[in-house]
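Below is one structure; the comments refer to it alone.
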Amino acid sequence: MPYTVSNLKADLTAALHGTTLNKVQSVNGLIQRAGSELLLEVDPMETKRIAELASPIFAKIYDYALPVDLKGTKIIDIRPQANRNILDRYVQEYNQEFSLNKEYVMNPNFTVQHNTGLKTIRISNNLLINGLLLNLADDISSNGTWVVSGGGSNLRQDYLRYVDGCESSIAFDIAGTQAILTNSTMTPIDCSTQSNESHIFFFVYLPTAAPFATIQIKWGTDAANYWTQILNQTNVGTVFEDGWNLLDADWKSAAVFGAPSNTSIGYLQITYSYALSTQTAVRLNSIYSRLGIISEIEYYSKYLYQDATTGAFQETITDDSNLINLDTESRNLLYLLTGVHIVQQIQGLDAMFFDSNFFQQQYDRELAMYKAQYKSEWQKPRSQYYSMPNPSNKDRMGWNRFNY
């Protein structure tokens with residue numbers, strides 16, 4: 001039977017010696033605080049959710065959006081939606097460990113990253129097939145010739161900042177409302193196995209990102225036959241930021257002009273729409289077509305409540321008819337913990353000497369029982385441990401500069 005906020009309030013009223021909840025300020029707020037405390041102490045099994053990741057997982061693409069209701073880093077599993085094999089076992093690592101080893105380790109792994117209030121997930125799976133390189137964009141003429149037009153000028157090879165290629169990118173300056181980079185002479189690529197299925201990824205460097213409204217990419221046969229998509233956010237759904245931004249154009253949802261051939265992709269164009277005055281050293285680098293694996297994530301949700309009409313999960317209580325996403329054992333934990341919070345407001349000997357002790361002792365006992373019966377399944381982050389070098393090898397290995 002569904003358990004509602006109204007049911008919880010009725011249970012609390014019955015346990016308070018006839019005291020009505022009208023004497024308690026902000027009952028919904030007390031329930032929500034008790035719920036938050038409960039989620040801090042235990043992972044109720046009813047709060048598990050399985051959702052499709054917002055984006056497929058791609059080789060060499062590390063940053064992805066997360067479900068908004070993920071509780072902390074409490075991820076249980078990441079897996080393909082179909083045809084899982086024994087190698088599809090993702091493990092959680094700490095941020096630094098992931099960053100250092102993401103290109104080298106063979107086992108799939110992930111880490112949850114917080115950045116200025118935004119929570120995303122970083123995923124590495126080096127077992128996936130790498131994408132098709134369209135153009136490294138690391139030199140003006142290494143694969144066809146890049147030209148700049150519109151408000152762009154001073155096109156050059158840049159060795160200071162780059163993501164991929166021969167330790168360089170292509171850079172230009174911009175003045176006005178638009179700058180256009182075009183390469184119509186590159187070696188054509190056969191993308192017939194990826195047409196309408198892959199995503200086109202590329203990196204842009206924006207020294208000051210705020211004035212950039214959109215960035216448009218065109219790929220196809222020539223200037224009259226191409227696919228195109230206009231982008232106004234990064235691949236994880238965030239606004240453009242200062243520095244490198246990874247952009248993602250979904251081939252399936254791209255607009256088509258003319259009759260481009262997917263067996264001969266030899267034309268690329270990137271258009272930067274800009275709102276302010278001159279800016280120097282805007283950059284482009286590493287353009288790939290990549291096929292991804294549609295995957296799902298199993299996790300513990302921080303949304304304890306649900307709209308009884310729409311079924312939408314929610315973090316706060318909006319109505320007494322809201323469902324509480326807890327079953328018999330765990331709903332009793334919420335009832336007892338809410339009682340602990342309520343008796344702090346109620347004056348009198350019953351509240352001080354009886355109710356408070358009853359709710360707290362019962363809660364502690366049942367919490368221990370629940371934890372013993374229902375173990376949390378979340379993957380705790382792990383870190384690699386390394387043994388110290390053997391001092392006897394220091395001469396052979398060229399370690400003479402170290403003292404042991």
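Bear in mind that the values in this text are calculations on the coordinates, not laboratory data. Note that the structure is predicted; figures quoted are calculated from it, not measured. As a convention, Cβ positions derive from the backbone with ideal geometry for all residues, glycine included, and neighbour counts pool all protein chains shown.
Got the relative contact order for the chain handy, in percent, Cα pairs under 8 Å and 6 or more residues apart?
RCO, the chain: 24 percent.
From Cα pairs below 8 angstrom and at least 6 apart in sequence, can you work out the relative contact order of segment 132-290, rounded to a whole percent? Please list the in-between numbers first.
Numbers: 445 pairs, mean separation 56.0, N = 159.
So the answer I get is 35 percent.
Let me spell out the model: positive unit charges on the Cβ of Lys and Arg, negative unit charges on the Cβ of Asp and Glu, origin at the Cα centre of the chain. What dipole size does that give, in debye rounded to 20?
My answer is approximately 720 debye.
From Cα pairs below 8 angstrom and at least 6 apart in sequence, can you work out the relative contact order of segment 71-134, rounded to a whole percent?
Working: 73 pairs, mean separation 15.5, N = 64.
Relative contact order, segment 71-134: 24 percent.
Quick check: Cα centre of segment 58-86 to Cα centre of segment 91-118, how many Å?
12
I need the calculated FRET efficiency for the pair residue 25 and residue 307, taking r as the beta carbon distance and R₀ as 25 Å, to the nearest 0.05.
Efficiency, from the Cβ-Cβ distance: 0.50.
Which of the GluC sites (Glu not before Pro) found in segment 44-144 are loop residues per DSSP with 12 or fewer other Cβ atoms within 10 Å of their Cβ?
Details: sites: 46, 52, 93, 97, 103; in loops: 103.
Of the GluC sites (Glu not before Pro), the ones in loops of segment 44-144 whose Cβ has at most 12 other Cβ atoms within 10 Å are 103.
Calculate the spin-label point distance for residue 252 paired with residue 210, positioning each point 7 Å from the Cα along the beta-carbon direction, and give it in nanometres.
3.7
Starting from the 7 Å offset along Cα-to-Cβ, what nm value, one decimal, do you get for the label separation of residue 241 and residue 101?
2.4
If you take volume of the Cα convex hull per residue in Å³ from the coordinates, which of (i) 141; (ii) 240; (iii) 155 do you get?
The calculated read-out lines up with (ii).
How much FRET efficiency would the formula 1/(1 + (r/R0)^6) give for residue 184 and residue 54, where r is the Cβ-Cβ distance and R0 is 25 Å, rounded to 0.05? Write out the running numbers ahead of the final one.
Details: r = 34 Å, r/R0 = 1.35.
Step by step, r from the Cβ atoms, then E = 0.15.
Taking each full run of DSSP H in the chain as one helix, which ones are at least 20 Å long along their axis (Cα atoms) and have mean Kyte-Doolittle hydropathy of at least -0.5? Spell out each step's value before the answer.
On the way: long enough: 27-41 (21 Å, 0.37); 328-343 (23 Å, 0.59); 356-373 (26 Å, -1.19).
The answer, listed by residue number, is 27-41, 328-343.
May I ask which of 48/218; 60/252; 9/48 have a Cα-Cα span longer than 30 Å here? Before the final figure, lay out each step's value.
Working: 48/218 41 Å; 60/252 21 Å; 9/48 25 Å.
Distance filter (> 30 Å) returns 48/218.
Report the one residue of 259, 92, 278 whose Cα lies farthest in the direction of the positive end of the charge dipole of the chain (charges on C-beta: Lys and Arg +1, Asp and Glu -1; origin at the Cα centre).
92
Restrict the search to segment 65-147; then list the chymotrypsin sites (Phe, Trp or Tyr not before Pro) that DSSP places in a loop and that have at most 10 other Cβ atoms within 10 Å of their Cβ. Please report the intermediate quantities before stating the final value.
Numbers: sites: 90, 94, 98, 104, 110, 146; in loops: 90, 94, 104.
Filter output for segment 65-147: 104.
Okay, helix-only estimate at 222 nm for the chain: each DSSP H run of n ≥ 4 adds -39500 (n - 2.57), divide by all residues, round to 500 deg cm²/dmol; what do you get?
On the way: 5 runs with 66 residues, N = 404.
Rounded to the nearest 500, it is -5000 deg cm²/dmol.
Take residue 383 and residue 33, extend 7 Å from each Cα along the Cα→Cβ direction, and tell me the distance between the two endpoints in nm.
Calculated label separation equals 3.5 nm.
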